[in-house]
1. So is Leu285 at pLDDT below 90, surrounded by fewer than 23 Cβ atoms within 10 Å (Cβ to Cβ) and touching a helix residue (DSSP H, G or I) at 6+ places or on another chain (Cβ under 7 Å) or not?
2. Just one of the numbered conditions (1) modelled with pLDDT of 95 or more; (2) under 24 Å from the mean Cα position of the chain (by Cα); (3) closer than 19 Å to Asp79 by Cβ is not true of Asn103; which one?
3. Please work out which one of (1) modelled with pLDDT of 95 or more; (2) within 12 Å of the chain's Cα centre (by Cα); (3) at positive phi is the condition Arg209 fails and give its number.
4. Just to be sure I understand, how many residues within region 268-282 are at pLDDT 90 or above, under 27 Å from Gly391 (Cβ atoms) and either in a loop (DSSP other than H, G, I, E, B) or β-branched (Val, Ile, Thr) (or both)?
5. From the list Ala160, Ala216, Ala149, which residue is at pLDDT 95 or above and surrounded by fewer than 16 Cβ atoms within 10 Å (Cβ to Cβ)?
6. For region 386-421, give me the residue count where each residue is part of a strand (DSSP E or B), surrounded by fewer than 15 Cβ atoms within 10 Å (Cβ to Cβ) and not basic (Lys, Arg).
7. Can you tell me how many residues within region 73-83 are in a helix (DSSP H, G or I) and either modelled with pLDDT of 95 or more or acidic (Asp, Glu) (or both)?
8. If a residue has to be more than 19 Å from Gln177 (Cβ to Cβ) and either crowded, with 24+ Cβ neighbours inside 10 Å or of a type outside the set (Lys, Arg) (or both) to count, how many in region 101-127 make the cut?
Amino acid sequence: MSSRLDYQSPEFTAAVADAQSLQKWTESHFQSVRSRLAEKKSTADDLLACAELSIRLQDANCAQDCLEKQLKARPSDADAFYLKAMLALGQGQKEAALQVLENATRKLSGKSPDNGRVWRLLAAERLHQKQDLSGAAQAMVKACEQASAPAFLHSSTRPAQDLTAAMLNFDFSLFDQLFSWEDNSADFRLSAVANGPLDQLYILDSFNRRIFEFDAQGQFQRGIDEHQLSAQAFLHPESRWELTDLCIGPDGKIYLAGNQDKIGVFSPSWEPLAAYASPAGNHRLKPLSLTVDAHHNLYVIYQNLAGIHVFNAEGFHEGSFGENTTMPGTDKNYYCGLACLDGQKICLYDREKVQIFEAATRQLSETVNLPQDKAPNLDDEAYPLCWNGIGTASNQRLWLADTAHAQIMEYRQGKLQQSFTQAGSKLQNFSNPFDISIDSQGCLYLADTGNARVLKYKGQEWTQVFGHPGIKSV
C-alpha cells in the first residue's frame, strides 16, 4: 500500500516548494493524526501515518511507539517493517535495521509490492553493509517476484547466481521508481532506439540517463546507468552527463552522445574504447543525433554547430558537409535526426525535408520535400522536439517520426507511402513519437515517447515491447 500520506495532493505539492512550508504541512498533519489517535477516532492507517510523520519530524520515540503498536496489531505488516528499518537507518543503526529486515522476511505473508519493498531494502543492506553479494542477489530476486517486477530488471530475468553488484545497483534504482514508497509514477523519457548487427534493441531513457539492451528475441540483456558510465574516461565526474542519442556500428560498437559534448565509444560488452572530442573546443555544441556508415565513419549533428560532422574510424574529425535549416529568431539548427541508408548514404531529416548524401563523396544526391501544412510555430526555442526521428530500411525506404503531429510516415523513393497516427485500436494513438529504428528483418521499433513505451511493427501488426503501467513520460 506504501505511504499513508497523500504525497500526490496539491497541498503537498505546494508545500515542498520551500522548507518552512513543508515543515508546517508535516506538523499540521501530525497534530491531526495524533488527535484522532488520542480520541480513538483513528482509521486503520493512522498509526503508520503517525510513524512516518514522526520520522519526518525526527521524533524517534513517537515513531517507534506507533510502529510497535502497529506490529502488535498486524504482525506481518510489510509497511510497518519498512518504516521501522528506515527509522533505524536514519538513526545510524545499520545493524539494527538489517536485523529488522531479516526478521521481517520470515513474517511476511502473501505477495505484494509492499513485501517486495522490504526484500529490496534487505538486498541493499546485505550488499552495502555485509558485502554479501550472494545474499543480496537472492533477496533482490525475491523482491522482484513479490512485486511482479517487469522483465527489464536483471533480478527479474536471471538467476541470483548470475547477478553482479552493478546489476543490483541498477535494479535498486529502477525498482524504487516503479514501486515508490510515495506512490509516485516513474518518470521516463524514452528518446532514442537503435538496433545492433544481431538485431539487438537498445532503448535510451534520457531523463534517468539509462540504457536498456534486449536481444533479437526481445529478452532483456543488461541495463547501463550513469553510475557505471561515470567510472569511465568518457565522463567528467564534476558534471552530470546529458545523454541525447546512441547508435550502433556494423561491428557492434556503441556510440553514445553525452557529457561535455564528447562521443563515447564502447565495445558490445560496454567496455570503454575511445572518446571523440568536440570539434569546436570549449563552445557548447550539444550533439543531437548520431549514425555510422558501413566503413565505421561516425556522423554527428549538433544543435549549435552547422553541418554534418564526420569522425573517421580512428576517431579523427574530418570536417563537415551539408546545409541545414535554421530556426527563425534563433541560432539553433533545425535538425531532427540522422540515419544511414544501406550503409552508403547519410540521411539528414528536418521539418522541411530529408537530404540524402553519398557517404563516399559527401555530395547531396537527393532531396525529399516534406508536407508543410499545419506547421507549428517555429519561433519556439524548445522546438523541434524530435532529434533522432528517422529510420531507414532496404529498397530506399525512409521512416520518419513526425513528433509535432504525433504520426510516423513511410517514404519510398521520395514518395509518401503510408502514415500512422496510432498502433491499432488496442494500443491507441501515438504521443510525441521521437525515434525510429529498423532491424535487419525489416521490423520497425518506435520510441513513442509521450506514452513512455516502445512499439514494434512487424507484418502489419503492432506490439508493445517496452513499457509499464507505473511509468509516465516527462
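The values are calculated or read from the model by the stated rules, or taken from the named source; none is laboratory data. Predicted model only: the values in this text are computed from it and were never measured. Note that we place each Cβ from the backbone using ideal geometry, even for glycine, and neighbour counts take in every protein chain shown.
1. Here the answer is yes, as Leu285 does meet what is asked.
2. Condition (2) is where Asn103 drops out.
3. Among (1) modelled with pLDDT of 95 or more; (2) within 12 Å of the chain's Cα centre (by Cα); (3) at positive phi, the lone unmet condition for Arg209 is (1).
4. Total satisfying the criteria: 3.
5. Ala216
6. 4
7. 6
8. So the answer is 9.
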